[in-house]
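Engineer: There's a structure below that I have some questions on.
The values are calculated or read from the model by the stated rules, or taken from the named source; none is laboratory data. Being a predicted model, the structure only gives us computed values, none of them experimental. Here the Cβ positions follow ideal geometry from the backbone for every residue, glycine too, while neighbour counts run over all protein chains shown. All accessible areas refer to the heavy atoms of the entire protein, side chains included, with ligands and DNA or RNA removed. Shrake-Rupley method; radii C 1.70, N 1.55, O 1.52, S 1.80 Å.
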Amino acid sequence: MKILVCLSNVPDTTTKVRFKDNNTSFDANGVQWIINPWDELALTRALELKEGSNGVITNVSVITVGEAFAEPTIRKALAIGADNAYRVNSIPKDAFFTAFQIAEIAKKESFDIIFAGIESSDYNGSMVGSMISEFLNISSVSSVSAVNIENNEIKVTREIPGGKEFLNVTAPLVAVVQKGIAINPRIPSMRGIMTARTKPLTVSEAVACDSLTEFVNYELPQPKGKCKMISADNVKELVQLLHNEAKVL
Amino acid sequence: MSVLVYTENWDGKFKKSTFELLSYANEIAKKLNTETIGISIGNVSTDELSNLGNYGANKVLSFSDSRISSLENTVFSSIISQAAIKVGAQVIILSNNLTGKAIAPRLSVKLKAGLVSAVVALPSSVEPFEVKKKAFTGSAFANVKVNSAIKILTLSQNSYQINQSEDVAIVENFEATINNADFKTKVTDTQKTTGKIILNDAEIIVSGGRGMKGPENWGAIEELASVLGAGTACSRPVSDEGWRSHDEHVGQTGKIVAPNLYFAIGISGAVQHVAGVSGSKCIVAVNTDKDATVFEVADYGIVGDARQVLPSLIEAFKEFKAEH
């Protein structure tokens, strides 16, 4: 069995978001780039599955669509334990374009499980994973909080409103994963960092594909009014304010 | 020509988020000078379906098939795309909930239709088609232009006001072709949390953080929630410590919520937590530290120890509830 984990290169989640060029692009000045948190958890789970598989899972690959500056993120994934990596050398124009590029590579390599994070922490699309499944015409399960392989059967837990569903799924599939898929992301070991340098990283150019959407510009939320402080001895006042002023009670 | 809405049902009933979608869609349909059509999948009574007219649907297509017992993304996206082709949908609208996120991307590829997710407002223009969405997990918004002939939007919950009327929708049975081979997932078991309010549906949420000091103090959070008919939630450290279960974790990597009223009790207000609750209409914060960042995003604040403030809050809300 082979697993592919899709990675998005995103600004560190504590980044103070700013825009430039008349609010038409993200200001990356001084920004730290990281593996999208959900993708990092997906990679962690993929490696756990491989280690627990008695050799059934032979390979965990990672892929990203991005220019050369995304390479530290790819190398980090290799240092964490991925066996090899793919980078499609292009700006990820939109989700449709990005998913198409990943699907093109996946078609050649026939992975059994493709992991994608539920969304990227920058554009919050929640799109790429499920789009890949449609391009490949394979099944997809979203909101996945656990994946296990038992007797060559893939068992998936899906979050639903107010509960969980347990599913058996036939490979190949795309699992769009969220919190719970792994508890803590793995941290690269010193040995991992050393071996990452020599692991295969295949760089290819993008295949022609239209993008269907474009980001025109950005805006920051309106600053909130000042917080009204209420004395801890007078919580009745709070109740009245919520009722009469905020009108939420 | 039309605006098509996937009208999701839960055990045969529609909820507020479906009504929001229809009211939103109807406004776009007016701009495009066309009608609003719903597509329903599963067993729903004709009354329930025709009532969707109250919220803006002119017509509802109803599809049901005994093979469908759970969300099969391949099948659902295929049915909706067949409906979209049949009614000549220019715009397709789904909720930005778990289901919408699972189906909309497949639909986008099937129809080669540009998709914008987590939309928060009506399109600022329909020609060219431009609409505002959440970005950077609540820290910003982006205006996105869709260049394809068909446009797909997933609407963020609680971001559009419901418009209600006396109108009823025409209900039609819809025939779609689905193949046995498309059913590739099999639900073997379901686990439902009973007696708890589902966070994504909750109008009020009471959330506790590390300031609660330990799981043994959660009784007061639960009591306040029960007085208010609210859901309970927690911050990340609380779920990481195992004080509360992971499905209560609200924040950037947990659940994103947007209730009318959010209580942050003993939560310092880390940027990741705020990202998950910034869509709330009103935030009340209780914290011992008057400089805690949570007060920067809160509408009302109380400085004090959560464990001491909670009992008086419970008392005051009980009194209020008794009077109203």
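Engineer: Consider the stretch A:19-28. How many of its residues are at pLDDT below 95 and open to solvent by 70 Å² or more (accessible area, probe 1.4 Å)?
Structural biologist: 0
Engineer: Output the qualifying pairs, or none if there are none: Cβ atoms under 9 angstrom, residues six or more apart or on different chains, first residue in the stretch A:117-142 and more than 7 Å from chain B (Cβ to nearest Cβ) and in contact (Cβ under 8 Å) with a residue 24 or more places away in the chain, second residue acidic (D, E) and open to solvent by less than 20 Å² (accessible area, probe 1.4 Å).
Structural biologist: These pairs meet every condition: A:G117/A:D39; A:S120/A:D39.
Engineer: In the stretch B:140-150, which residues are in a loop (DSSP other than H, G, I, E, B), open to solvent by less than 60 Å² (accessible area, probe 1.4 Å) and of a type outside the set (A, V, I, L, M, F, W, C)?
Structural biologist: Listed by number, the list holds a single entry, B:S148.
Engineer: Additional query: When the stretch B:142-162 is examined, which residues are found to be under 25 Å from B:T99 (Cβ atoms) and either in contact with a His (Cβ under 7 Å, 6 or more places away or on another chain) or at pLDDT 95 or above (or both)?
Structural biologist: Of everything in the stretch B:142-162, those that are under 25 Å from B:T99 (Cβ atoms) and either in contact with a His (Cβ under 7 Å, 6 or more places away or on another chain) or at pLDDT 95 or above (or both) turn out to be B:A142, B:V144, B:V146, B:S148, B:A149, B:I150, B:K151, B:I152, B:L153, B:T154, B:L155.
Engineer: How many of the residues in the stretch A:211-220 are within 7 Å of chain B (Cβ to nearest Cβ) and in contact with a helix residue (DSSP H, G or I) (Cβ under 6 Å, 6 or more places away or on another chain)?
Structural biologist: 1
Engineer: Further question: Identify, please: which residue in the stretch A:34-83 is within 21 Å of A:N148 (Cα to Cα) and of a type in the set (D, E) and is, among those, surrounded by the fewest Cβ atoms within 10 Å (Cβ to Cβ)?
Structural biologist: A:E51
Engineer: Now a separate question. Report, by residue number, each residue of the stretch A:221-249 that is open to solvent by 80 Å² or more (accessible area, probe 1.4 Å) and facing another protein chain (nearest Cβ under 7 Å).
Structural biologist: A:K224, A:K228, A:M229, A:K236
Engineer: Hey, another quick one. For the stretch B:305-316, what are the residues that are crowded, with 22+ Cβ neighbours inside 10 Å and at the interface with another protein chain (Cβ under 7 Å from one of its Cβ atoms)?
Structural biologist: Within the stretch B:305-316, B:V309, B:L313 meet the criteria.
Engineer: Could you list, in sequence order, the residues of the stretch B:107-134 that are modelled with pLDDT of 95 or more, charged (D, E, K, R) and in a strand (DSSP E or B)?
Structural biologist: B:E130, B:K132, B:K133
Each row is one residue, and each column tells you yes or no for (1) free of Cβ contacts under 8 Å to residues at least 12 places away in the same chain; (2) at the interface with chain A (Cβ under 9 Å from one of its Cβ atoms); (3) outside any strand (DSSP E or B).
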site: B:G138; (1), (2), (3): no, yes, yes
site: B:I152; (1), (2), (3): no, no, no
site: B:Q157; (1), (2), (3): no, no, yes
site: B:I162; (1), (2), (3): no, no, yes
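Engineer: If a residue must be at pLDDT 90 or above and within 10 Å of chain A (Cβ to nearest Cβ), how many such residues does the stretch B:241-250 contain?
Structural biologist: Matching residues across the stretch B:241-250 total 1.
Engineer: Give me the residue from the stretch B:281-304 that is more than 23 Å from A:N244 (Cβ to Cβ) and part of a loop (DSSP other than H, G, I, E, B) and, out of that set, least open to solvent (accessible area, probe 1.4 Å).
Structural biologist: B:A292
Engineer: Going by the conditions given, is B:I221 within 30 Å of B:P123 (Cα to Cα) and either crowded, with 22+ Cβ neighbours inside 10 Å or outside the structural domain of B:L115 (by TED's automatic domain parsing) (or both)?
Structural biologist: No: the conditions fail for B:I221.
Engineer: Moving to a separate point now. Restricting to the stretch B:119-136, give me the number of residues that are of a type outside the set (D, E, K, R), closer than 21 Å to A:A116 by Cβ and either outside the structural domain of B:G88 (by TED's automatic domain parsing) or open to solvent by 10 Å² or more (accessible area, probe 1.4 Å) (or both).
Structural biologist: Counting residues in the stretch B:119-136 that are of a type outside the set (D, E, K, R), closer than 21 Å to A:A116 by Cβ and either outside the structural domain of B:G88 (by TED's automatic domain parsing) or open to solvent by 10 Å² or more (accessible area, probe 1.4 Å) (or both) gives 1.
Engineer: Scan the stretch A:1-43 for residues that are of a type in the set (A, V, I, L, M, F, W, C) and within 11 Å of chain B (Cβ to nearest Cβ) and jot them down.
Structural biologist: A:V10, A:V17, A:F19, A:F26, A:W38, A:L41
Engineer: Here's another thing I want to ask about it. Looking at the stretch B:163-170, is at least one residue buried (at least 22 other Cβ atoms within 10 Å of the Cβ) and modelled with pLDDT of 95 or more?
Structural biologist: Yes, there is a match, as at least one residue in the stretch B:163-170 is buried (at least 22 other Cβ atoms within 10 Å of the Cβ) and modelled with pLDDT of 95 or more.
Engineer: Go through the stretch B:248-269 and report how many residues are free of Cβ contacts under 8 Å to residues at least 60 places away in the same chain and open to solvent by less than 50 Å² (accessible area, probe 1.4 Å).
Structural biologist: 14
Engineer: Need a quick list: strands (runs of 3 or more DSSP E) entirely within the stretch A:186-231 having at least 2 residues that are among the aromatic types (F, W, Y).
Structural biologist: A:213-219
Residue-wise test of (1) assigned by TED's automatic domain parsing to the domain that holds B:V168; (2) farther than 30 Å from B:V187 by Cα; (3) open to solvent by 30 Å² or more (accessible area, probe 1.4 Å).
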position	(1), (2), (3)
B:K30	yes, yes, yes
B:G42	yes, no, no
B:T46	yes, no, yes
B:L52	yes, no, no
B:F63	yes, no, no
B:S66	yes, no, yes
B:S70	yes, no, no
B:T74	yes, no, no
B:I79	yes, no, no
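Engineer: Then there's this: Taking A:I154 and the conditions (1) within 13 Å of chain B (Cβ to nearest Cβ); (2) surrounded by fewer than 22 Cβ atoms within 10 Å (Cβ to Cβ), which numbered condition does it fall short on, given that it satisfies the others?
Structural biologist: Result: A:I154 fails condition (2) only.
Engineer: For the stretch A:84-126, name all the residues that are among the charged types (D, E, K, R) and either assigned to a loop (DSSP other than H, G, I, E, B) or open to solvent by 20 Å² or more (accessible area, probe 1.4 Å) (or both).
Structural biologist: A:K93, A:D94, A:E104, A:K107, A:K108, A:E109, A:D112, A:E119, A:D122 - these are the residues of the stretch A:84-126 that are among the charged types (D, E, K, R) and either assigned to a loop (DSSP other than H, G, I, E, B) or open to solvent by 20 Å² or more (accessible area, probe 1.4 Å) (or both).
Engineer: What do you reckon, is A:R186 away from chain B (no Cβ under 11 Å) and in contact with an Asp or Glu (Cβ under 9 Å, 6 or more places away or on another chain)?
Structural biologist: Spelling it out, A:R186 is indeed away from chain B (no Cβ under 11 Å) and in contact with an Asp or Glu (Cβ under 9 Å, 6 or more places away or on another chain).
Engineer: Here's a follow-up. Please specify each residue of the stretch B:3-26 satisfying the condition of being open to solvent by less than 10 Å² (accessible area, probe 1.4 Å) and in a loop (DSSP other than H, G, I, E, B).
Structural biologist: Within the stretch B:3-26, just B:T7 meets the criteria.
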